[in-house]
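First up is the structure itself, then whatever we jot down about it.
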Amino acid sequence: METELLHRAPASGEPSAAEAACRTVLHALSLPAFLHRGNRLLCGNAALARLLGYSENQLLARTPDELVVPDMRESMQAYGRNCLETDPEPAATEMTLRTASGDDRFVELTARRIDIAGQAMVLSTCQDLSDIRHVQTSLLNMSQVLNQILDSDPVATFVIDAEHRVTHWNRACERLTGRDWWDMQGVTDKGTIFFGADRPLLCDLIVDGTSPLTLQALYQGEIRASKISEGAYEAEAFFPSFGESGLWLFVTAAPLRNSEGRVVGAIETLQDVTQRRNAEQELMRHRNQLELLVSERTKELDTTNRELSAFMANASVGILAVAGDRIVQHNKKFAEMFLADGQSAAGRATADFFCSAADYEDFASIAFPKLTEGRPFQHEMTLSRLDGRQLWIQMIGYVSNADDPAAGAWWLLQDRSEVRRAQEALETNYARLKETNHRLEEAQNQLLQSEKMASIGQLAAGVAHEINNPIGFVNSNLNSLKHYLDDLLQLIADYGSAETELGAESRQRLHAAKKDIDLEYMLEDLPVLLRESADGLGRVKRIVQDLKDFSRVDNSDWAEADLNAGLDSTLNVVLNEVKYKAEVVKNYSVLPPVRCLAAQLNQVFMNFIVNAAHAIETRGVITLSSGHCGAWVWIEVADTGSGMSEEVQRRMFEPFYTTKPVGKGTGLGLSLSFSIVQKHKGIIKVKSEQGKGSAFRVWIPVDPEGSDEAPALPSEAQGD
Amino acid sequence: MPRILLVDDESSVLNALLRLLRITPIVVRGVEWRPKIDIFTSPVEALKAASECSYDLAVSDFRMPELDGVAVLRRMRDLQPDCARVILSGYTDLNGLIGAINEARIDRFIAKPWNDFEFVSTLAQVLEIRALRMENEALADQFRCERGEISRVELETKRLEQQEPGITQVQWGPDGSIVIDMDEIAEALRHHGN
């Protein structure tokens, strides 16, 4: 209607003044504007002309609907008519104008009905919306891009606005939370999803401008300001409601600010760091475990170290580390053993502690080969303190590193000087004991023999007494008999001379009787018989005397004696052993009386004589000799028997050593003789040749008790 | 009549000595001395005899079953101090010798087996010394008597006692009989038994 109205005006053909004024106003407007009465334009201003690319006159030829794109002409017409006829102030509407060049211009068209000089006209102003539209489209595009970016972001991300409403909720977020964007759009109480309670999220707190301190308190230190964007925070927290058994999320929230810098929202990203966290935790656990292990090991090592040093310091053996030929370190004990107070041997040459260079070389030549093989080495030897005092040391060496024997060695040294001394003392004592034992054995043997001899002596004395009685009276009777016989013989002679006075018969009878008893022979034989009997009796007497002398039960003290006599009486005692085997040759010299235990020396002689007799198998000679040289006398018993081998000569003085058949010799004879002669400070010299015989010569000092030391041996007795 | 007492547990020894002394005269001071010889194989019997008659010389063996020679000669010394004492033994035991010399105060020790000549000449020596001693004593007594130191009765008593030991100590009963003290005899025998 209005368009018609406008169209009518020019139709009248006389533009009124009001119209002119209106045109002027129109032209003053910067906004594109035009005036119409429902038909052709009454007026279009320059701004419109510029917008549409028409001249003002061209504009006047057109109707309002011809200004818009064809599909909007009707609504354009309707809008104008509505304004002209019914609603003077309709709401603005958007229209798309078409320019001369055919481009489209979006405008917001606002129509107002104005009355000029009674005529209703429509004044339409255009607000060019092209730019706004462009911006809007751009914004929309941007928003879509943003949405796409957000959506395609694999990181769960959501955005809230200043009112805490959710404005974005990306796919990843949907996946993470299991909530659709549709459900979440505009939602404010997001806390229930995350925490199961209405609790502000980090983004909410940022939007609220919560202070960092409160944030720290809320997140219990698990929060920190982002280094990348200002006002943003990062936190890591566990969300039990997500995933199968809860998830660790790395949450970042950053404020969104408008162009004025005011916070209008916040964006929050949620990264599932469960795996990392678990890995981290695992790593941490592992690390802790490792650390624990390391600390334990360290502790152990510490303890070991401490123990080692304590052990070294307090060890009762000297401990020494040696590298090459130098001492690296040593303990206190070593210092005590080898050094003066306060001295240290570190850096010293090990050779300094050996008694001599030769010692060290000897030691090195046996120790080093073993050590280089990596084997421990044990040794005992004399070492020297620095002050020169010598110690008997037991040492054990180990190489520090078996794979590298050149690296050095540890030595344990123990002072065994006392032990050594004790051992030596023990050895000496043992030897002494053995010697004593040996002597004791000999003494016992001798005792045994002496006892035997003593009982023989007692027996002999008893027997001698018993024998002496018969000898006494037989001897006396023999004398008497001889006397009687002399008388009888005299009587017989007297009778013989008186024979002639008898008768022939009687004489004949007497003759016969004389002949019968062989008187002549009897008279001849009687003195011989008596002499021989007296002889025999004399021998019995002598044997008994010798037996008594030999046993000497009544005289066992040192006394002066004639050794020749002793030898004789001994020979008499053993004569029956000897006489059937050997001829005895005596070759005595005059001897001075010798102070001796005669009975014991007689035993020695007896042993020699019996041995000599035993050495002779069939028949031989035993020579008894004696001699005298300075302060010494000697008695020798030599035989022409079998002689002795070297072995026998070496062992003959050993107790119980015998070459005689079982039961014949005790093996004590010579050992006993040896000890008896020793008691007399004498010696026994033996010469023997197998098959030729032996000679035993005893040298005895004339006065063995005269001095402690036996007098010097004559040269004859020296050597063999 | 000089008397000799021989004691030995072996009779053969006694017989032999008897023969010896019969054949060989003991010559004392150039005089052949032919004594009466009493022999005993039992020491106790010998001592019994010794208490009955006086002996000039007693020869005893040392070892005998009942009494040893020392005991016999010791007892002999008690009974007849002037009798010479000799031991003839084959046994030489030091203690025995000490006893023989100190207790029995023997004049000689002759070892068995004896030599006849030595035996006889030893006896001769012993008897000679004894004779000298007794002569000395008799002379001294005579001298003392002459000087009035002892009476003639004492001298005669001593002579009698020498001749018949014990005769001066005989106890006479009031009727002139001899009193024999059995206790004393028993004591003497017991002593011998030792």
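The values are calculated or read from the model by the stated rules, or taken from the named source; none is laboratory data. Everything numeric here is computed off the predicted structure, so don't read it as measured data. Every residue, glycine as well, gets a Cβ built from its backbone with ideal geometry; the counts of neighbours run over all protein chains shown.
The figures follow:
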item: Single residue of region A:459-497 satisfying the filter (more than 15 Å from A:Leu547 (Cβ to Cβ) and either in contact (Cβ under 8 Å) with a residue 60 or more places away in the chain or among the acidic types (Asp, Glu) (or both)) that is farthest from the other protein chains (Cβ to nearest Cβ); result: A:Asp494
item: Candidate set: region A:250-284, residues that are charged (D, E, K, R) and assigned to a helix (DSSP H, G or I); chosen: the one surrounded by the most Cβ atoms within 10 Å (Cβ to Cβ); result: A:Arg277
item: All helices (runs of 4 or more DSSP H) inside region B:93-180 with 1 or more residues being surrounded by 16 or more Cβ atoms within 10 Å (Cβ to Cβ) and acidic (Asp, Glu); result: B:116-146, B:152-163
item: Selection status of B:Ser12, among the polar types (S, T, N, Q), without any contact (Cβ under 8 Å) to a residue 12 or more places away in the chain and out of contact with any His (no Cβ under 8 Å at 6 or more places or on another chain); result: yes
item: A:Thr618 within 18 Å of A:Leu575 (Cβ to Cβ) and outside any helix (DSSP H, G or I); result: no
item: Tally of residues being of a type in the set (Val, Ile, Thr) and under 17 Å from B:Leu18 (Cα atoms) across region A:478-503; result: 0
item: Residue check for A:Asp87: assigned to a helix (DSSP H, G or I), out of contact with any Pro (no Cβ under 9 Å at 6 or more places or on another chain) and of a type in the set (Asp, Glu); result: no
item: Residues satisfying the stated conditions in region B:1-24, i.e. loosely packed, with under 14 Cβ neighbours inside 10 Å and away from chain A (no Cβ under 12 Å); result: B:Met1
item: Tabulated pairs, region A:377-393, first over 11 Å from A:Phe363 (Cβ atoms), second small (Gly, Ala, Ser) and surrounded by 14 or more Cβ atoms within 10 Å (Cβ to Cβ), C-beta under 7 angstrom, 6+ apart or interchain; result: A:Gln390/A:Ser384; A:Leu391/A:Ser417; A:Trp392/A:Ser417
item: Scope region A:403-448; condition in contact with a helix residue (DSSP H, G or I) (Cβ under 6 Å, 6 or more places away or on another chain), part of a helix (DSSP H, G or I) and closer than 30 Å to A:Glu373 by Cα; matching residues; result: A:Pro405
item: Qualifying residue in region A:509-521 (condition: under 17 Å from B:Pro113 (Cβ atoms), part of a helix (DSSP H, G or I), without any contact (Cβ under 8 Å) to a residue 24 or more places away in the chain and over 60 Å from the mean Cα position of the chain (by Cα)); result: no
item: Flag if B:Asp82 is surrounded by fewer than 17 Cβ atoms within 10 Å (Cβ to Cβ), more than 8 Å from chain A (Cβ to nearest Cβ) and in contact (Cβ under 8 Å) with a residue 40 or more places away in the chain; result: yes
item: Selected residue [modelled with pLDDT under 85 and part of a loop (DSSP other than H, G, I, E, B)] from A:Phe656, A:Phe674; result: A:Phe656
item: Yes/no for A:Asp204 being part of a helix (DSSP H, G or I), in contact (Cβ under 8 Å) with a residue 40 or more places away in the chain and more than 20 Å from A:Val273 (Cα to Cα); result: yes
item: Filter result (surrounded by 22 or more Cβ atoms within 10 Å (Cβ to Cβ) and either among the small types (Gly, Ala, Ser) or free of Cβ contacts under 8 Å to residues at least 12 places away in the same chain (or both)) within region A:570-598; result: A:Ala582, A:Ala598
item: Test: residue in region A:166-182 that is among the hydroxyl-bearing types (Ser, Thr, Tyr), modelled with pLDDT of 85 or more and in contact with an Asp or Glu (Cβ under 9 Å, 6 or more places away or on another chain); result: yes
item: Selection count, region B:27-51, where residues are under 19 Å from B:Val126 (Cα atoms), crowded, with 18+ Cβ neighbours inside 10 Å and out of contact with any strand residue (DSSP E or B) (no Cβ under 7 Å at 6 or more places or on another chain); result: 1
item: Any hit, region B:91-98, residues being touching a residue at least 24 places away in the same chain (Cβ under 8 Å) and in contact with a His (Cβ under 8 Å, 6 or more places away or on another chain); result: yes
item: Of residues in region A:41-76 being among the polar types (S, T, N, Q) and buried (at least 19 other Cβ atoms within 10 Å of the Cβ), the one farthest from A:Leu26 (Cα to Cα); result: A:Thr63
item: Tally of residues being in a helix (DSSP H, G or I) and under 28 Å from the mean Cα position of the chain (by Cα) across region A:352-376; result: 11
item: Inter-residue pairs, beta-carbon under 6 Å, first in contact (Cβ under 8 Å) with a residue 24 or more places away in the chain and in region B:104-125, second surrounded by fewer than 16 Cβ atoms within 10 Å (Cβ to Cβ) and aliphatic (A, V, I, L, M), 6+ apart; result: B:Ala124/B:Val27
item: Test result for B:Ser54, touching a residue at least 24 places away in the same chain (Cβ under 8 Å), among the hydroxyl-bearing types (Ser, Thr, Tyr) and surrounded by fewer than 18 Cβ atoms within 10 Å (Cβ to Cβ); result: no
item: Within region A:404-414, considering residues that are surrounded by 13 or more Cβ atoms within 10 Å (Cβ to Cβ) and at pLDDT below 85, the one farthest from A:Phe354 (Cα to Cα); result: A:Pro405
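Let's see how each residue does on (1) assigned to a helix (DSSP H, G or I); (2) over 27 Å from A:Leu146 (Cβ atoms); (3) in contact (Cβ under 8 Å) with a residue 12 or more places away in the chain; (4) touching a strand residue (DSSP E or B) at 6+ places or on another chain (Cβ under 7 Å):
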position: A:Ala172; (1), (2), (3), (4): yes, no, yes, yes
position: A:Asp183; (1), (2), (3), (4): yes, no, no, no
position: A:Asp198; (1), (2), (3), (4): no, yes, no, no
position: A:Leu213; (1), (2), (3), (4): yes, yes, no, no
position: A:Gln216; (1), (2), (3), (4): yes, yes, no, yes
position: A:Ala235; (1), (2), (3), (4): no, no, yes, yes
